[in-house]
1. Do we find a residue being without any contact (Cβ under 8 Å) to a residue 24 or more places away in the chain, touching a Lys or Arg at 6+ places or on another chain (Cβ under 8 Å) and not assigned by TED's automatic domain parsing to the domain that holds VAL100 anywhere in region 160-174?
2. Is it the case that region 117-125 has a residue that's assigned to a loop (DSSP other than H, G, I, E, B) and modelled with pLDDT under 95?
3. Can you name every residue in region 187-208 that is part of a helix (DSSP H, G or I) and closer than 14 Å to VAL131 by Cα?
4. When region 6-51 is examined, which residues are found to be more than 20 Å from LEU119 (Cα to Cα) and either of a type in the set (A, V, I, L, M) or touching a residue at least 40 places away in the same chain (Cβ under 8 Å) (or both)?
5. Looking at region 220-241 only, could you name the residues that are more than 18 Å from GLY133 (Cα to Cα) and either in contact (Cβ under 8 Å) with a residue 12 or more places away in the chain or crowded, with 17+ Cβ neighbours inside 10 Å (or both)?
6. Only one of LEU35, LEU56, LEU82, LEU12 is in contact with a helix residue (DSSP H, G or I) (Cβ under 9 Å, 6 or more places away or on another chain), at negative phi and either surrounded by 14 or more Cβ atoms within 10 Å (Cβ to Cβ) or not hydrophobic (A, V, I, L, M, F, W, C) (or both); which?
7. Across region 150-177, what is the number of residues that are more than 18 Å from PHE216 (Cα to Cα) and among the aliphatic types (A, V, I, L, M)?
8. Out of the residues in region 59-79 meeting the condition of being surrounded by 15 or more Cβ atoms within 10 Å (Cβ to Cβ) and of a type in the set (S, T, N, Q), tell me which one is farthest from ILE10 (Cα to Cα).
Amino acid sequence: MEFHDQGIIISLRKYGEYDALIDVMTAQHGRHAGLVKGGMGRRQRGTLQPGNEVMLTWRGRLESQLGTYAAELRNARSASFLDYPAKLGVLNSVCAILSVSLAEREEHQALYEGLQVLLDTLEQAGPEPEVWGALLVRWEIGLLSELGFGLDLSCCAATGVVDDLVYVSPKSGRAVSRGAGLPYHDKLLTLPPFLLGGGNVTGDDVRDGLSLSEFFLERYVLFPHNKKIPQARRMLMDFLG
C-alpha cells in the first residue's frame, strides 16, 4: 500500500542505530507515524526536525503496519525559531499537544490547516506574544472543538444575555456575564475579550486564554485517558512571562 501527502513533523525519535521514527500531522491522514530508513544520518536528520513541513510518501504491506516514509523538505521552519525562546516554546507545545490528544490515522484537515496558519504567522511575526498569542489560543480551542468539546461563548449560561461576557463556567464550558458570575468569580475561568472579537490583545489576555484552553484540554481530552498536560505546554507559560 502507498499514499502521498503533505505534513508537519511533530516528533522525531531514534530507532535502532541509524533509522528514525517520526510522527507527522498530515493533511489527509491525521496524525500518522512511520519509519525513515537512515533518518538519523546527517543527510536526513535536518529535514525531520519538529515543525518542518514535508512532502511524504508512505509505504506499507498492510494499512495497519507502521510502514516507511520517504520525506522531502518543503519548509524548514524549525531553524527560524531557534533564536526566539517563546516561539520555540509554542512549536514544542503544539507538537506535544497533538501527540497526546489525537488518535492515530484520524483525518483532521481543518486542524492541520489551522496549524499551518499558526506556524506561518509565528514564523513571520515578531517575538511579542501579543502578535501571535491570540491565534495560538484560538487554535487550541479549535482543537477542543475538533474533538467534540467545543466551548459555547455565544451567550450567558445563566441569563441568556449576549453582552458583558467575562467568565467561562468550568462545568459547562459556556460563557457567563459579569453580573451573573460576580458572586462566583473565584470559581469561574476568565474569558479574554479577543475570543469575542473585541479590543487589542494584551499579554494578560493571552495567558488567560491559554489557562482557559489548558483547563478544558486536561479535563475533557487528557484526563479520561489517564494523560496529563505535556511539560512543553506547561513551560510555555514561563516563556510568556
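1. Yes: one or more hits.
2. Checked region 117-125: at least one residue is assigned to a loop (DSSP other than H, G, I, E, B) and modelled with pLDDT under 95.
3. Initially, region 187-208 is screened for residues part of a helix (DSSP H, G or I), giving 187, 193-196, 203-208.
Listed by number, the residues that qualify are PHE194, GLY203, ASP204, ASP205, VAL206, ARG207.
4. Correct list: ALA20, LEU21, ALA33, LEU35, VAL36, MET40.
5. TYR220, VAL221, LEU222, LYS227, ILE229, PRO230, GLN231
6. Going through LEU35, LEU56, LEU82, LEU12 in turn, just one is in contact with a helix residue (DSSP H, G or I) (Cβ under 9 Å, 6 or more places away or on another chain), at negative phi and either surrounded by 14 or more Cβ atoms within 10 Å (Cβ to Cβ) or not hydrophobic (A, V, I, L, M, F, W, C) (or both): LEU12.
7. Qualifying residue count, region 150-177: 4.
8. THR68
The values are calculated or read from the model by the stated rules, or taken from the named source; none is laboratory data. Nothing here was measured: the structure is a model prediction, and the numbers come from that model. For neighbour counting, all protein chains shown are included, and Cβ atoms are generated from backbone atoms with ideal geometry for every residue, glycine included.
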